[in-house]
Amino acid sequence: MDAACRPNHTADTPALPPEFFAEVNDGAKVTLTLHFWSGAKLTYYVTRAGSSVTGATS
């Protein structure tokens, strides 16, 4: 169930496991839409460069 995104309850953040990034091409920008129980949605962009991952909301 949590193969793509795992909640980190301690930090109150979502976490993307390494298995997710194994399928992402180096340098490719991935668009994620996170849906929360409150009904709120957040669009988040992540980019993998080698073993480094960066993310932003815009």
Original post:
Within segment 15-28, is there a residue that is in contact with a helix residue (DSSP H, G or I) (Cβ under 8 Å, 6 or more places away or on another chain) and assigned to a loop (DSSP other than H, G, I, E, B)?
Top reply: no
Original post:
Restricted to segment 40-55, and to residues that are aliphatic (A, V, I, L, M) and surrounded by 10 or more Cβ atoms within 10 Å (Cβ to Cβ), which residue is farthest from the chain's Cα centre (by Cα)?
Top reply: Ala49
Original post:
Out of segment 41-58, which residues are outside any strand (DSSP E or B), over 14 Å from Thr13 (Cβ atoms) and touching a residue at least 12 places away in the same chain (Cβ under 8 Å)?
Top reply: Gly50, Ser58
Subject >> Members of segment 7-39 that are exposed (fewer than 10 other Cβ atoms within 10 Å of the Cβ) and among the β-branched types (Val, Ile, Thr) >> reply: Thr10, Thr13, Thr31, Thr33
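Each value in this text was obtained by applying a stated rule to the coordinates, not by laboratory testing. Bear in mind that the values here come from a model prediction, so they are computed numbers and not experimental data. Here the Cβ is made from the backbone with ideal geometry for all residues, glycine too, and neighbour counts use every protein chain on show.
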